[in-house]
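First up is the structure itself, then whatever we jot down about it.
The values are calculated or read from the model by the stated rules, or taken from the named source; none is laboratory data. All of these numbers come straight from a predicted model, not from anything done at the bench. Don't worry about glycine lacking a Cβ; one is built from the backbone with ideal geometry, like all the others, and counts go over all protein chains shown.
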Amino acid sequence: MTRLEISIDLDYQIIESGCDFIFNIHAAHTPRQRVLSESLVLGQDLRADVETDPATANRYLRLRALAGPLHVAYRATVELEHHFELPARIAEVPIAQLPLSVVSYIYPSRYCQSDRLHRMAMREFGQRWQGYGRVQAIRDWVLQRTTFSSNSSNANTSAIDTLLEHVGVCRDFAHLMIALCRAINIPARFTTGIDYGADPALGPPDFHAYVEVYLGDRWYMFDPSGTAIPMGFVRIGTGRDAADVAFATIFGTVNAAAPLIAIRAVPDADGQLVMPFHRVEAISTDG
């Protein structure tokens, strides 16, 4: 098992008399991601309600802040007990056999216009063996044709924009991979988290977007941007695309500083330090 400590610090200057926030910054509880301890400190004396969406396991912090500075500090220690599987043993699931909770992830969404990419996706991937290998081929295709560049996209950038412009950040890589998977009827969802092992040359640690694809009987992780180590992902939220899992949704006028994020591996209860590393096996923290 891998044990990781994460910290998230957010700072805002609230301009109006009051401002409502919905944060999605708490580590998710999943069958293979256990939150051993966590803390939340707010710079204002506020009531903080944390609620869990039963469909996604996303945890939302809702609060109404007063004018002036607001500091939000979240800390957590998370233990990951990964499921590993040989890729050749993982098949795609026929649509008729998909769990109802998965079906929504084969439809187009705001940033993942899979209906407009069907012909291209079939041409590129339609004849490949239907299983994990085909999804891996989509991931590799996106990585090979897209250049990672900070500040190269904005909140309106969609999968088709990234396909045409060949540049983006992690969320853009994820949107394009998701759209291509859905275009050939493979369920795929957008996942946010904190990533271990990103190259410092890419900038300071930040929230990371990656992809989970439903294959066999669970959701498997893929990192189309190739910037981090999937074994070191701490899941925060899942959704159809980035519109569902913004780390902060703000209703009011604020000035925001860049998030300050840190992650490190720590010894487990037996004193063993298991560092995340790249694996050839398929990886899941679901089920």
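Residue-by-condition table, conditions (1) more than 29 Å from G203 (Cα to Cα); (2) surrounded by fewer than 12 Cβ atoms within 10 Å (Cβ to Cβ):
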residue: Q127; (1), (2): yes, yes
residue: R134; (1), (2): yes, no
residue: R139; (1), (2): no, no
residue: S153; (1), (2): no, no
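Has segment 136-144 got at least one residue that is polar (S, T, N, Q) and assigned to a helix (DSSP H, G or I)?
yes
Going through D195, D172, D223 one at a time, which residue ends up being among the acidic types (D, E), modelled with pLDDT of 95 or more, crowded, with 19+ Cβ neighbours inside 10 Å and farther than 28 Å from Q97 by Cα? Talk me through it step by step, then tell me what you get.
Working: D195 fails: modelled with pLDDT of 95 or more; D223 fails: farther than 28 Å from Q97 by Cα.
The match here is D172.
Could you please let me know if A262 is modelled with pLDDT of 95 or more, out of contact with any Leu (no Cβ under 7 Å at 6 or more places or on another chain) and buried (at least 17 other Cβ atoms within 10 Å of the Cβ)? Criteria not met by A262. Run M177 past the list (1) in a loop (DSSP other than H, G, I, E, B); (2) at pLDDT 95 or above; (3) closer than 18 Å to D223 by Cβ and report the number of the one that doesn't hold. In the conditions (1) in a loop (DSSP other than H, G, I, E, B); (2) at pLDDT 95 or above; (3) closer than 18 Å to D223 by Cβ, M177 misses (1) alone. Among the residues of segment 105-119, the ones that are loosely packed, with under 13 Cβ neighbours inside 10 Å and either touching a residue at least 12 places away in the same chain (Cβ under 8 Å) or β-branched (V, I, T) (or both) come to 2 in all.
For segment 1-83, the strands (runs of 3 or more DSSP E) that sit wholly inside it and include 1 or more residues that are within 18 Å of T238 (Cα to Cα) and polar (S, T, N, Q) are 33-42, 49-52. A search for C-beta distances below 7 Å between a residue of segment 184-207 that is in contact (Cβ under 8 Å) with a residue 60 or more places away in the chain and within 21 Å of A243 (Cβ to Cβ) and any residue that is of a type in the set (V, I, T) and surrounded by fewer than 21 Cβ atoms within 10 Å (Cβ to Cβ), counting only pairs 6+ apart in sequence or on different chains, returns P187/V102; P187/I106; I194/I261. Taking each residue of segment 22-33 that is more than 20 Å from A73 (Cβ to Cβ) and looking for partners that are charged (D, E, K, R) with beta-carbon atoms closer than 7 Å, six or more apart or interchain, yields T30/R235; T30/D286; P31/D286; R32/E81; R32/D286; Q33/R235. Entry remark, segment 52-89: residues being among the hydrophobic types (A, V, I, L, M, F, W, C), farther than 22 Å from G252 by Cα, modelled with pLDDT of 95 or more and surrounded by 13 or more Cβ atoms within 10 Å (Cβ to Cβ) number 3 in total.
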